[in-house]
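The values are calculated or read from the model by the stated rules, or taken from the named source; none is laboratory data. Keep in mind that what you see is a predicted model, and the values were worked out from it rather than measured. Here Cβ is always computed from backbone atoms with ideal geometry, including for glycine, and neighbour counts include all displayed protein chains.
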Amino acid sequence: MSEQLTQVQQQEQQAAQEQQRAEWVRNQYQKANQYLASKGIIPDNVAITESRYLPPLVALWKLNTKDKQAFWVISGDLPTDHMPFSAAASARDAMRSFSLNWQLKAENIMNSATVDKTQFEFSTLLVKRAEGLYDLFEDEALWQSPSQA
């Protein structure tokens, strides 16, 4: 009886974890869409097979627009950002590109004539997140299967 109860509890826990994961993915998708819309870019649909997500760290979406453009949008426990799809051929390449771009942005901030506390903190955050993204880019295990990372 207790073994059955444990099995039921495990199944319930698994179901709750899947629900949390699905909710996180949905929230990140909405965040990515809202971000693009705030930039005047109206998303039409998502290329699910090319998008990747690793809850609760990062979601990387390939979003297509109504005017037949495509963008990589990154969100999660990091700044939301975007780039044209043409800048990276795959989600893995996009992750590396975001990492390198953020390192350059942080360096430009730090090299500006005046850096206030907020700018300093933002550049520090960019560097940390860029390093984390690069670590994910280099992790072969994350990129082995065509399924979601």
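Let's see how each residue does on (1) β-branched (Val, Ile, Thr); (2) free of Cβ contacts under 8 Å to residues at least 24 places away in the same chain; (3) in contact with a helix residue (DSSP H, G or I) (Cβ under 6 Å, 6 or more places away or on another chain):
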{"residue": "Met95", "(1), (2), (3)": "no, no, yes"}
{"residue": "Trp102", "(1), (2), (3)": "no, no, yes"}
{"residue": "Thr114", "(1), (2), (3)": "yes, yes, no"}
{"residue": "Lys117", "(1), (2), (3)": "no, yes, no"}
{"residue": "Phe120", "(1), (2), (3)": "no, yes, no"}
{"residue": "Leu125", "(1), (2), (3)": "no, no, no"}
Original post:
Would a scan of region 59-78 turn up a residue that is touching a residue at least 40 places away in the same chain (Cβ under 8 Å), of a type in the set (S, T, N, Q), surrounded by 14 or more Cβ atoms within 10 Å (Cβ to Cβ) and over 25 Å from Gln144 (Cα atoms)?
Top reply: no
Subject >> Within region 48-149, strands (runs of 3 or more DSSP E) holding 2 or more residues that are among the aromatic types (Phe, Trp, Tyr) >> reply: 70-76
Original post:
With respect to Ala113, is the statement that it is out of contact with any Leu (no Cβ under 7 Å at 6 or more places or on another chain) and modelled with pLDDT under 95 true?
Top reply: yes
**OP:** Sort through Ala106, Ala91 and tell me the only one that's touching a Leu at 6+ places or on another chain (Cβ under 6 Å), more than 27 Å from Pro43 (Cα to Cα) and either among the basic types (Lys, Arg) or modelled with pLDDT of 95 or more (or both).
**Re:** Ala106
Original post:
Can you name every residue in region 1-57 that is out of contact with any Phe, Trp or Tyr (no Cβ under 7 Å at 6 or more places or on another chain), hydrophobic (A, V, I, L, M, F, W, C) and without any contact (Cβ under 8 Å) to a residue 24 or more places away in the chain?
Top reply: Met1, Leu5, Val8, Ala15, Ala16, Ala22, Ala37, Ala47, Ile48
